[in-house]
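Every number in this text was worked out from the coordinates using simple rules, so none of it is lab data. The structure displayed is predicted, hence computed values, not measured ones. Please note: Cβ atoms are built from the backbone with ideal geometry, for glycine as well, and neighbour counts cover all protein chains shown.
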Amino acid sequence: MNPLRETFILLGRSMRHILRSPDTIITVTIMPIAFMLLFVYVFGGAIHTGTSNYVNYLLPGILLISVASGVSYTAFRLFIDMQKGIIARFNSMPINRSAVLWSHVLTSIVSNSISLVVIIGVALIMGFRSSASILAWIAVIGMLLLFMLALTWLAIIPGLKAKSIDGASAFSYPLILLPFISSAFVPTNTMPTAVRVFAENQPVTTIVNSIRSLLEAGSAGNDIWIALAWCIGITIVAYFFAIRIYRRAA
Amino acid sequence: MTKDIVQVRNLRKSFKDTKVLQGVNFEIRQGEIFTLLGQNGAGKTTVIQILSTLLKADSGRVIISGYDVNNQPGKVRASISLTGQFAAVDDMLTGRENLELIAKLRADVSPKQTANGLLKRFGLEEAANRLVSTYSGGMKRRLDISMSLIGKPTVIFLDEPTTGLDPEARLEVWKTIKELANNGTTILLTTQYLEEAEHLANKIAILHTGKIIANGTLDDLKKLIPPVKKEYVEKQPTLEEIFFAITGKKETN
Ligand SMILES: Nc1ncnc2c1ncn2[C@@H]1O[C@H](COP(=O)(O)OP(=O)(O)OP(=O)(O)O)[C@@H](O)[C@H]1O
Ligand SMILES: [Mg+2]
């Protein structure tokens with residue numbers, strides 16, 4: 001048994017699935033791009049963010065929306081594997097059981113990263129510019145990867161537990177909505193108090209703010225620690241529950 | 001010398017209020033085809049899942065190839081192979097890719113050759129490079145079984161391998177099972193078809209109301225049929241008659 005080797009063999013398998021049903025990547029990429037076009041060219045003129053470049057302002061939130069919708073496919077793929085007895089087959093073989101879950105997690109990271117690269121490319125065409133240093137970019141990438149990891153482990157739970165395909169992916173709807181009630185599109189100070197309190201204290205706002213200031217100013221201030229705490233916290237809790245459910249189910 | 005390669009002792013398993021297994025005992029010798037016969041819901045799949053380390057029993061002991069399924073599940077997995085009740089094949093891969101995937105996971109030294117050999121043996125060469133989603137039920141089943149042979153397991157569990165197959169495909173699966181047993185592989189197979197058990201098995205065990213109510217060769221089981229009835233039956237009693245004779249008798253107890 002070699003867990004790393006097994007994880008990569010299984011990663012190759014799921015990546016093949018994705019290449020064969022490119023709609024999974026296309027949907028995950030097109031929807032955020034459509035939001036970006038809509039907000040920049042339709043609503044953008046009416047939104048006052050205090051910055052001259054609205055694409056710059058918008059991009060971090062758009063990236064998070066992409067990840068939130070991307071992980072629903074992770075839940076979907078895992079659900080199918082469970083339902084078809086493929087997980088049972090793997091689990092009756094002399095291979096490392098965690099390799100099976102980790103391969104789904106890595107597939108999510110790789111496919112979400114591809115979507116993000118495409119979206120950033122489109123944003124560049126639309127006028128996105130950043131003077132951030134390599135170091136700041138590395139911090140941004142790290143933040144996005146952590147966010148992916150957190151939501152992916154969250155997605156593993158419905159993937160293992162759902163009773164239907166719809167149930168497996170429905171969990172991501174609220175995740176996709178979170179950026180809309182955050183600082184992703186408009187500054188929170190224009191919102192009514194109750195909404196503002198929620199917006200300012202939910203993870204998306206701090207993650208968006210820290211990515212935004214890394215890209216604009218090259219540093220993120222205090223927000224980044226809160227953002228990191230959210231991502232790591234969600235990852236740990238979701239991982240704990242996912243593994244527990246997996247052990248019970250398997 | 002033949003020895004017991006599978007030993008099942010006093011196996012119990014309940015799901016919430018449903019007592020499924022209530023003290024199941026049997027053993028299987030090396031190279032034997034052992035058939036677990038039972039009606040829908042008798043607990044056949046539950047037994048297979050416990051033996052293949054996918055499910056924990058509430059109590060009892062299972063030893064496979066000398067290893068306890070509870071204490072050394074890894075060792076057990078290395079010597080078994082499972083073909084579940086529903087074909088566990090990857091629809092989004094081709095037949096060849098499915099076989100190569102399992103071969104690689106089992107650290108086979110030449111996955112390509114292994115896949116080629118099995119495709120040929122199971123008559124799947126022509127369809128080898130097609131996505132499995134285009135396969136018929138029989139082809140999926142054959143692929144499923146061929147995937148289970150990779151890594152030369154010493155014990156193979158087949159949970160209702162012929163359910164849903166047409167008569168021709170069923171004959172093919174039977175042939176494969178016999179070949180495997182001739183090569184020394186031990187086979188535990190479940191079925192609802194009395195005829196299948198009659199045709200294939202060296203040993204037949206009937207699982208009913210959570211227990212093995214009869215266990216032996218077909219001849220052993222034939223002796224269990226009430227003698228009064230035997231006088232009036234001209235032909236040999238079929239397993240079907242034996243089955244209903246025994247299960248009927250046990251239920252009225
Ligand atoms: N995970 C589970 N939770 C609750 N009940 C279960 C579970 N698995 C099986 N059962 C119940 O246990 C009993 C035995 O099920 P099992 O699948 O082992 O039967 P079987 O002999 O394989 O039947 P079939 O011929 O229909 O495949 C059934 O009553 C079933 O409803
Ligand atoms: Mg069954």
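If contacts are Cα pairs under 8 angstrom and at least 6 residues apart, what is the relative contact order of chain B in percent? It would help to have the intermediate numbers written out before the result.
Details: 448 pairs, mean separation 62.4, N = 253.
Computed over chain B, the figure is 25 percent.
Counting only C-alpha contacts under 8 Å and six or more residues apart, can you give the relative contact order of the range A:3-249 as a whole percent?
Details: 306 pairs, mean separation 65.3, N = 247.
It comes to 26 percent, rounded to a whole number.
Can you say what percent of the DSSP beta bridges in the protein assembly as shown, counting only those with both residues inside, are antiparallel? Round to 5.
Taking every DSSP beta bridge with both residues in the protein assembly as shown, the antiparallel ones total about 55 percent.
Would you pull out the residues with amide H under 5 Å of B:G23's amide H, same chain only if 5 or more places away, H placed 1.01 Å from N?
Placed amide hydrogens put B:L11, B:R12, B:K13 under 5 Å from B:G23.
Suppose only helical runs count, i.e. DSSP H with n ≥ 4. What mean residue ellipticity at 222 nm does that imply for chain A under -39500 (n - 2.57) per run, divided by all residues and rounded to the nearest 500 deg cm²/dmol? Write down the numbers at each step before the final one.
On the way: 11 runs with 189 residues, N = 250.
Value at 222 nm, helices only: -25500 deg cm²/dmol.
Taking only Cα atoms, what is the 0 to 90° angle, nearest 10, from helix A:54-83's long axis to the longest principal axis of chain A?
In chain A, helix A:54-83 runs at an angle near 10 degrees to the longest axis.
Mind giving me the FRET efficiency for A:I232 and A:L135? R0 is 35 Å, r the Cβ-Cβ distance, nearest 0.05 is fine.
Details: r = 20 Å, r/R0 = 0.58.
That pair, A:I232 with A:L135, gives E of 0.95.
Between the range B:68-100 and the range A:34-59, what's the alpha-carbon centroid distance in Å?
Cα centroid of the range B:68-100 versus Cα centroid of the range A:34-59: 52 Å apart.
Calculate how many DSSP beta bridges within chain B are antiparallel, expressed in % of all such bridges and rounded to the nearest 5. Before the final figure, lay out each step's value.
Values: 22 of 40 bridges.
The antiparallel fraction comes to roughly 55 percent.
Report the rotationally averaged projected area of the range B:61-174 based on its alpha-carbon convex hull, in square nanometres.
On the way: hull surface 29.8 nm².
Computing the convex hull of the Cα atoms and averaging its projections yields 7.5 nm².
Any idea how far the Cα center of the range B:30-50 sits from the one of the range B:102-117, in Å?
Here the answer is 29 Å between Cα centres.
If you find the alpha carbon centre of the range B:154-168 and of the range B:1-25, how far apart are they in angstrom?
After rounding, the separation between the Cα centres reads 21 Å.
Quick check: convex hull of the Cα atoms in the protein assembly as shown, volume per residue, rounded to a whole Å³? Don't skip to the end; give the middle numbers.
On the way: hull volume 90.3 nm³, N = 503.
In the protein assembly as shown, the Cα hull volume divided by residue count equals 180 Å³.
Taking only the C-alpha atoms, wrap a convex hull around chain B and report its volume per residue in Å³ as a whole number.
139
Calculate how steeply helix A:134-161 sits against the longest principal axis of the alpha-carbon atoms of chain A, using the helix alpha-carbon long axis, and give the answer as 0 to 90 degrees to the nearest 10.
Rounded to the nearest ten degrees, it is 50.
Would you calculate the separation in nanometres between label points at B:Q30 and A:T49, each defined as 7 Å from the Cα along the Cα-to-beta-carbon direction?
Placing both labels 7 Å beyond Cα along the Cβ direction yields 7.2 nm.
Which values, in whole Å and largest first, are the semi-axes of the equivalent ellipsoid of the range A:1-157 obtained as the square root of 5 times each eigenvalue of the Cα gyration tensor?
Numbers: eigenvalues 246, 53, 27 Å².
Taking √(5λ) for each Cα gyration eigenvalue gives 35, 16, 12 Å.
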